[in-house]
Structures are given as C-alpha cells and as structure tokens.
Amino acid sequence: MATPVESANLILKLYELRRESVMREARNYFFSFNPTSAQEYLAAMGGPHSGHIRMVTSYWEMACSMVTAGAIDREMFESSAGEHMIVYGKIEGFLPQLREMMGNPGLFKNIEQVVLAAPGGIERVRSQMARIRSMAAARPASA
C-alpha cells in the first residue's frame, strides 16, 4: 500500500499530465462526446477523434489501475479526482456490449472498480451525467 507521500506524488504527476496541451484538447473533445451505444462509440473510434477518445480513456484506466494496485491511496484519489467518474458515465450504459464487441472482457475494468468502490460511486456517476446532459441541453437554447 502506498504511503500518503507516495500517493500525493503520483496524484500530482497525474495532474501534470492532464495539463499537457494535447491531453487538454483530448479532454475538451471527450467531454462533448456523448455516445449512446457501443456501436456509436466504436464508430467514433474509427473517426477523426479516435486519438482523443483513446487518450482520455487510457489515461483514466491507467490512473485507476494505480489505485486498484495500491500505488495510490483510494481515498486520496477520490478526494482529488472526479473525471474518471464522467468517463465511466459516458460508457456505463453499454459497457457489457462494448466489451463483447471488442472481445475484451476486462475493458475499462480499473475505472469500473474504482467508481463502484467509491462511496456512493454509481449514484455520483448518474448524478454527474444528468447534470452534464442538462447543461448540454441548455447550451443550444442560450446560444
């Protein structure tokens, strides 16, 4: 199990990586990306934003793998990050189909484990996603 200082150092490194310009671009795209099915997700993976989608999802899968492996304290991670919940929320409704279609039963397993293990995790995901959908629906009306 990681010490508090080791966890803090890894969390700070993860933060630095999120600030990198290409990652910021990928994150900006990903938060406007709202697939409604595994087919739609896979179609986007074949499109011009494939790199953005892969960058964001693999980043959060990697970060969550550090939590599930004990390299980062789970509670400290949850106190400092929330974006992984949004990533999970974007795929949660069709994750079993996506795993089947990709032939990868472990696809996004670390993100899923961290989200589901968090206090009120799935409820937080669904609440955040409802808020994001509401904000997205309001955006065109005010433009």
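Coordinate-derived values only; no laboratory data. In this text, all values refer to a predicted model and were calculated from it rather than measured experimentally. Note: ideal-geometry Cβ built from the backbone for every residue, glycine included; neighbour counts use all protein chains shown.
Of note:
- Qualifying residue in the stretch 15-31 (condition: surrounded by 13 or more Cβ atoms within 10 Å (Cβ to Cβ), more than 20 Å from E112 (Cα to Cα) and among the small types (G, A, S)): yes
- Residues satisfying the stated conditions in the stretch 117-143, i.e. under 19 Å from W60 (Cα atoms), surrounded by 12 or more Cβ atoms within 10 Å (Cβ to Cβ) and not β-branched (V, I, T): A117, A118, G121, R124, R126, Q128, M129
- Residues of the stretch 57-73 satisfying the condition of being surrounded by fewer than 18 Cβ atoms within 10 Å (Cβ to Cβ) and of a type outside the set (G, A, S): M62, T68
- Residues that are among the acidic types (D, E) and surrounded by 16 or more Cβ atoms within 10 Å (Cβ to Cβ), drawn from the stretch 74-109: E78, E83, E92
- You will find that of M55, M66, M85, the residue that is over 28 Å from A137 (Cβ atoms) and among the aliphatic types (A, V, I, L, M) is M66 and no other.
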